[in-house]
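Undergrad: Shown below is the structure under consideration.
The values are calculated or read from the model by the stated rules, or taken from the named source; none is laboratory data. Keep in mind the model is a prediction, meaning the values are calculated, not measured. All Cβ positions, even for glycine, are placed from backbone atoms using ideal geometry, and neighbour counts span all protein chains on display. To get the accessible areas, we keep the full protein, side chains included, count just its heavy atoms, and leave off ligands, DNA and RNA. Shrake-Rupley method; radii C 1.70, N 1.55, O 1.52, S 1.80 Å.
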Amino acid sequence: MKFKNRYAALGENFCEKTPPVPVAEPGLIIFNHELAAQFVGSLNELDDTSLAELFSGNRVHESCEPLAMAYAGHQFGHFNPQLGDGRAIYLGELERLHGVAMDVQLKGSGPTRFSRNGDGRAALGPVLREYIVSEAMYSLHVPTTRALAAVTTGEKVAREQLLPGGVITRVAESFIRVGSFQYFANQRDIASIKALADYVIERNYAELAQHKNAYLELLEAVTQRHAHLIAQWMQLGFIHGVMNTDNMSVAGETIDYGPCAFMDAYHHEQVYSFIDRDGRYAYNQQPSIGLWNLTRLAETLLPLFHDDTDAAIELAKTVLQTYNHRYEQAWLQGMRAKCGLSAIISDEEDRALIEDLFTIMASNNADFTLTFYFLSRLNLETDENDHRLLELFSQQAAAVGWLEKWRQRLSNEKQNNEQRQKNMQAVNPIYIPRNHQIEAAIRAAEDHNDFAPFHALHEVLQQPFHYQPDKDNYMLPPKPEEEVTQTFCGT
Ligand code: AMP
Ligand code: MG
C-alpha cells in the first residue's frame, strides 16, 4: 500500500500539514473489506488491531503526508471565508485496481489549524450514522463518499453531554468542495483557483483536459453531475440537510453526512435538521439550492473563462441555464422508471401523473418508500395486490382513482407485468436507512456498547432492492412512539 498526495504538491496555502492526534484506545467497529479489495495493496490482510491503529490515526503509514485542507463556504447563505478541515485529516490517494485513485480521509481525528473552537473530534453516534447512510447510498446506486472503517476511541467527547468518541474513514473521488474554490476567490488569488481547477480536471475530469475552454467544460460537467445527483436524492426521499457550499463536492458525490434523513411519510417541505429552522434545505428546496451552489462555483471560475468579465459571465450563464432542464429530465426519467413507464409518449402527461401521485401521498400521509415498493408489485389486469398500497393512504379513494389513471397509462406499454415489475423493483428499494432504525442502532451502541443492531441494519441495507426473509421490521415505517422528528449534526 502506498499513498500518493498530489494535493500536498499544490502548496502551503492549500492546506496545513498536520498529523492526526492519537486516541486513547482504538477499537475496530467495522472495516469495509469489499471496498478495501478495490485498492492496490494488501489492506485486507491486516488484523483488526492494525486496522484500528491505522484508521484511528494512531499509526500513520510511512507513505502518508497527512494534511488538513483549507476551504471556505456559504453556511445557510452566509459566507464564511475560512472553514477548512477542522476535524478531518486527508491521508492521500490510494490507487485502485480499476478506475481512478480514491482520496482517503479520517474524520474525528483531532484538531487542526481550521478547528476554530471545535475539539476536532466526532461522537460515535454520527460516525455510525455516516457509515450506515453513506454505504446505503452506495447500494442504492447514488454517487457518494464511502466508508472504509469506523473505530471507537476509548475517549469521551463533550457535546450537550459526554459521549463516546469515534473516527470514521471516508473514501471519495474528491474532497474538493465548491467552498475550496471560494476560499481562493475570496482572496482574489486567481493563480490558486487555476491550480485547483487543473488539479480537479487532472484527478476527476481527465477527459476535459484537451478542451479549448476546459474550465467552462468543468463547470458544465459539475453541473451535469449535480443535476443527476439531486434528482436521485429526490427519487428516494433523501434530504441532505446541510447543503452549504462547503458540503458540495466538485466530483458530484453526496458528501458530509450530518443531519441527513430519508423521509418516511411523503411531505414536500419536509425538514429534519434541528439547525435548519427556516427550511432552507428542505426536501423541495434541494434542486434550487443545487443551482445556487453551482452559481457560487461559477463565480469563482469567471477569471478562467475569459479575460473580459462580462464575456465570462455570459459564458457561465450559458452553462448554468442548462441546469433546470438537466435536472427536470433526470427527475422525469428516474420517476418514469419508478412508475414503470418506459414508452415515451408525453412528457407533460407523465409528469402530471407522477405529480398527482405525490400530491395524494402528501395529503394522505403515505410512506414514500413503501408506496413505490407496493406499486412495483401490482398487476395491470387485477387489483388483488392493490390493498397493500391502498392501506398506506389515510383516504384510500384518492389512491384508487390514481391507480385507475396509472393502469390506463400502462395500457400503452409493451412490457408485460413480469418485465415491468422486474424493472420497477430494480429501482424502487424495499429498505432505506430509516431514522428510527439508525437511532435504535446508535442508542444500543452508545448506551450499551452493543453494536449488533448497527451491524444488522448495515447488512440489510447492502441489498436494498432484494427482499430479505425475516427482515420486515427494517422495511416498516416507525410506530408513532418511534418516530424521529429531528436530526442533529453532532458537531
Ligand atoms: P460540517 O457542518 O460538519 O460540514 O462542518 C462545518 C465546519 O465545521 C467544517 O469546517 C468542520 O471541519 C468544522 N467542524 C465541525 N465539527 C467540528 C469539531 N468538532 N471540531 C472542529 N471542527 C469542526
Ligand atoms: Mg462539512
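Undergrad: Quickly run through region 27-44 and pick out the residues that are exposed (fewer than 12 other Cβ atoms within 10 Å of the Cβ) and at pLDDT below 95.
TA: Hit for region 27-44 is S42, nothing else.
Undergrad: Would it be correct to say that Q210 is modelled with pLDDT under 95, more than 17 Å from Q82 (Cα to Cα), out of contact with any Pro (no Cβ under 9 Å at 6 or more places or on another chain) and not assigned by TED's automatic domain parsing to the domain that holds N32?
TA: When the stated conditions are applied, Q210 passes them.
Undergrad: I'd like to check something: does region 91-98 contain any residue that is in contact with an Asp or Glu (Cβ under 7 Å, 6 or more places away or on another chain), away from ligand 1 (no atom under 16 Å from the Cβ) and in contact (Cβ under 8 Å) with a residue 12 or more places away in the chain?
TA: Yes, the conditions are met somewhere in region 91-98.
Undergrad: Do the conditions hold for V60, that is, is it farther than 25 Å from V250 by Cα, open to solvent by 50 Å² or more (accessible area, probe 1.4 Å) and outside any helix (DSSP H, G or I)?
TA: Yes; evaluated as a whole, the condition is true for this residue.
Undergrad: Out of the residues in region 252-286 meeting the condition of being out of contact with any Pro (no Cβ under 8 Å at 6 or more places or on another chain) and among the aliphatic types (A, V, I, L, M), tell me which one is nearest to ligand 2 (Cβ to nearest atom).
TA: Per the stated criteria, the residue is I255.
Undergrad: Another one. Find the helices (runs of 4 or more DSSP H) located wholly in region 341-404 whose residues include 1 or more that are surrounded by fewer than 18 Cβ atoms within 10 Å (Cβ to Cβ), and list them.
TA: Output list reads 347-363, 386-390.
Undergrad: Shifting gears a bit: Looking only at region 95-108, which residues are within 16 Å of ligand 2 (Cβ to nearest atom) and either open to solvent by 10 Å² or more (accessible area, probe 1.4 Å) or not in a strand (DSSP E or B) (or both)?
TA: Hits for region 95-108 are K107, G108.
Undergrad: Just need a number here: residues in region 73-125 that are more than 26 Å from E202 (Cβ to Cβ) and either aromatic (F, W, Y) or not assigned by TED's automatic domain parsing to the domain that holds G166 (or both).
TA: Summing the residues that are more than 26 Å from E202 (Cβ to Cβ) and either aromatic (F, W, Y) or not assigned by TED's automatic domain parsing to the domain that holds G166 (or both) in region 73-125 gives 2.
Undergrad: Then there is this: A197 passes all but one of (1) of a type in the set (A, V, I, L, M, F, W, C); (2) closer than 24 Å to V104 by Cα; (3) within 16 Å of ligand 1 (Cβ to nearest atom); which number fails?
TA: Every condition holds for A197 apart from (3).
Undergrad: Here is a further query. Residue check: is T153 closer than 16 Å to Q38 by Cβ, modelled with pLDDT of 95 or more and within 16 Å of ligand 1 (Cβ to nearest atom)?
TA: Spelling it out, it is not the case that T153 is closer than 16 Å to Q38 by Cβ, modelled with pLDDT of 95 or more and within 16 Å of ligand 1 (Cβ to nearest atom).
Undergrad: State whether one or more residues within region 216-237 are in contact with a helix residue (DSSP H, G or I) (Cβ under 9 Å, 6 or more places away or on another chain) and within 16 Å of ligand 2 (Cβ to nearest atom).
TA: Within region 216-237 (the criterion being in contact with a helix residue (DSSP H, G or I) (Cβ under 9 Å, 6 or more places away or on another chain) and within 16 Å of ligand 2 (Cβ to nearest atom)), the answer is no, since none of the residues qualifies.
Undergrad: Something else: Looking at region 155-178 only, could you name the residues that are assigned to a strand (DSSP E or B), within 24 Å of R225 (Cβ to Cβ) and among the small types (G, A, S)?
TA: A172
Residue-by-condition table, conditions (1) polar (S, T, N, Q); (2) under 13 Å from the mean Cα position of the chain (by Cα); (3) in a helix (DSSP H, G or I); (4) within 14 Å of N293 (Cα to Cα):
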{"residue": "S180", "(1), (2), (3), (4)": "yes, no, yes, yes"}
{"residue": "A185", "(1), (2), (3), (4)": "no, no, yes, no"}
{"residue": "D198", "(1), (2), (3), (4)": "no, no, yes, no"}
{"residue": "R203", "(1), (2), (3), (4)": "no, no, yes, no"}
{"residue": "H211", "(1), (2), (3), (4)": "no, no, no, no"}
{"residue": "L218", "(1), (2), (3), (4)": "no, no, yes, no"}
{"residue": "T223", "(1), (2), (3), (4)": "yes, no, yes, yes"}
{"residue": "H226", "(1), (2), (3), (4)": "no, yes, yes, yes"}
{"residue": "A231", "(1), (2), (3), (4)": "no, yes, yes, no"}
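Undergrad: Does any residue of region 64-73 turn out to be assigned to a loop (DSSP other than H, G, I, E, B) and away from ligand 1 (no atom under 16 Å from the Cβ)?
TA: Checking region 64-73: at least one residue is assigned to a loop (DSSP other than H, G, I, E, B) and away from ligand 1 (no atom under 16 Å from the Cβ).
Undergrad: Which of the residues spanning region 211-268 are out of contact with any Gly (no Cβ under 9 Å at 6 or more places or on another chain) and among the hydrophobic types (A, V, I, L, M, F, W, C)?
TA: A214, L216, L218, L219, W233, L236, F238, I239, V250, A251, I255, A265
Undergrad: So which residues in region 109-120 are away from ligand 2 (no atom under 15 Å from the Cβ) and either within 16 Å of T152 (Cβ to Cβ) or of a type in the set (A, V, I, L, M) (or both), if there are any at all?
TA: Selection gives G110 alone.
Undergrad: Further question on the same structure: If P20 meets every condition in (1) within 16 Å of ligand 2 (Cβ to nearest atom); (2) surrounded by 22 or more Cβ atoms within 10 Å (Cβ to Cβ); (3) in a loop (DSSP other than H, G, I, E, B) apart from one, which number is that one?
TA: Going through (1) within 16 Å of ligand 2 (Cβ to nearest atom); (2) surrounded by 22 or more Cβ atoms within 10 Å (Cβ to Cβ); (3) in a loop (DSSP other than H, G, I, E, B) one by one, P20 breaks only (1).
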